[in-house]
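Engineer: Following this message is one structure expressed as structure tokens.
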Amino acid sequence: MLGKTAGGLYWMFRSLERAENTARLIEAGFRIALTRSTTAEAEWQSVISTLAAQQAYEAIYDSYDSSQVVNFLLRERTNPSSVLSIIKSARDNARLVRTALTTEVWCAVNETWMLFTDLLKDEVPQTELPAVLATIRQQSGLVRGALHGTMLRNDIYDFCRLGTFVERMDNTARIVDVKYYSLLPAPSFVGSHLDNVQWETILRSVSAHRSFRWAVEEDFTAPAIAEFLILDRRMPRSLAFSAGQIVKSLSHMAEEYGTRYASHEMADALRTLLLKPDIHSIFDEGLHQFVNEVIDSTASLAQQIEIDYRFTG
């Protein structure tokens, strides 16, 4: 496959996953800000910082008002990481690789772009924010459903899945980091009722609340929820599951092309990093430090994938 086509597929699905995860991160900030209204500005600043958008945000705004943050992350056209900008990028990449996609996948991406162009043409009132965020998640799921239901399981499919899980790996790690490193008010709150409520909020923001209740016998405690989001390979948004899917997609491509690249070894190392016996070993070394190691390793892997498969554009 031409590197330009492979890159278009990969970035189309990275963009779609990023739009969904931006919506999830906004929801996490929104829910937690509601429980701690006296420090709402700090909560929103942490969301912006987690998305590595602080410099771009502060070039436009001088405070972290909730409506300004939401507007910046959802529809600010000068912000290349806003949902509106990301969805446009996904649609542009879909047009680039149109002949590699089924009609169903192309239509799902194109309809998503048209819907969001209309949905986000004006600022979103706070009362409508939950519904708008739900729509973003639903449209992302619609495109994934078209991919799963209509595409051949070949290298095209694997590049799409690779983009999804590289992005998901990064975003789940960042959501966990926002909770534990940026949003926890003080060490004295660790293990408290407030701490547990915030962890439960994070579960809801990644659509994992009911799954946690099915899979885990423990109550909503920081160690139990952190273990579920980081190490549980049954949970489709956990770090361990995402790492496994990245390795799987790269392994398929190694079989397809008869070649293993440096990115394959890096993916194996990333998966090995997540083969911890339990969450307590991660807490002992420092959750923030561990999660940031995952974020850095994922970024390096993403760069190597682009080099190995000669993405262009």
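The values are calculated or read from the model by the stated rules, or taken from the named source; none is laboratory data. The structure presented is a predicted model; accordingly, all values stated were derived computationally and were not measured. When we count neighbours, we look across all protein chains shown, and the Cβ atoms used for this are built from the backbone with ideal geometry, even at glycine.
Engineer: Condition first: more than 22 Å from Glu306 (Cβ to Cβ) and either surrounded by fewer than 15 Cβ atoms within 10 Å (Cβ to Cβ) or not basic (Lys, Arg) (or both). Now tell me which residues in the range 259-280 satisfy that.
Structural biologist: Thr272, Leu274, Leu275, Pro277, Asp278, Ile279, His280
Engineer: For the range 87-115: of the residues being of a type in the set (Val, Ile, Thr) and surrounded by fewer than 22 Cβ atoms within 10 Å (Cβ to Cβ), which is farthest from Val143 (Cα to Cα)?
Structural biologist: So, considering only residues that are of a type in the set (Val, Ile, Thr) and surrounded by fewer than 22 Cβ atoms within 10 Å (Cβ to Cβ), the one farthest from Val143 (Cα to Cα) is Thr99.
Engineer: Yes or no: Leu239 of a type outside the set (Phe, Trp, Tyr) and buried (at least 21 other Cβ atoms within 10 Å of the Cβ)?
Structural biologist: Criteria met by Leu239.
Engineer: What residue, of Gln289, Gln304, is loosely packed, with under 15 Cβ neighbours inside 10 Å, at negative phi and either in a helix (DSSP H, G or I) or not assigned by TED's automatic domain parsing to the domain that holds Arg234 (or both)?
Structural biologist: Just a single option satisfies the conditions, and that option is Gln289.
Engineer: What number of residues within the range 63-79 are within 16 Å of Ala40 (Cβ to Cβ) and not polar (S, T, N, Q)?
Structural biologist: 6
Engineer: Continuing with the same structure: Condition check: farther than 30 Å from Arg213 by Cβ, part of a helix (DSSP H, G or I) and in the same structural domain as Leu203 (by TED's automatic domain parsing). Does His252 satisfy that?
Structural biologist: yes
Engineer: Please pick out the residue among Leu84, Leu73, Leu9 that is part of a helix (DSSP H, G or I) and either among the β-branched types (Val, Ile, Thr) or within 18 Å of Thr172 (Cα to Cα) (or both). Give the derivation first.
Structural biologist: Details: Leu84 fails: either among the β-branched types (Val, Ile, Thr) or within 18 Å of Thr172 (Cα to Cα) (or both); Leu9 fails: either among the β-branched types (Val, Ile, Thr) or within 18 Å of Thr172 (Cα to Cα) (or both).
Going through Leu84, Leu73, Leu9 in turn, the sole match is Leu73.
Engineer: Are there any helices (runs of 4 or more DSSP H) wholly within the range 146-226 with 3 or more residues that are modelled with pLDDT under 75, and if so which?
Structural biologist: Here the list reads 193-205.
Engineer: Regarding the range 25-37, can at least one residue be identified that is crowded, with 21+ Cβ neighbours inside 10 Å, of a type outside the set (A, V, I, L, M) and under 15 Å from the mean Cα position of the chain (by Cα)?
Structural biologist: Yes: the range 25-37 contains one or more residues that are crowded, with 21+ Cβ neighbours inside 10 Å, of a type outside the set (A, V, I, L, M) and under 15 Å from the mean Cα position of the chain (by Cα).
Engineer: Follow-up question, since we're still on this one. Cβ-Cβ distance below 8 Å, separation of 6 or more or different chains: which pairs start in the range 93-108 with a residue that is basic (Lys, Arg) and end on one that is assigned to a helix (DSSP H, G or I)?
Structural biologist: Cβ pairs passing all conditions: Arg98/Trp106.
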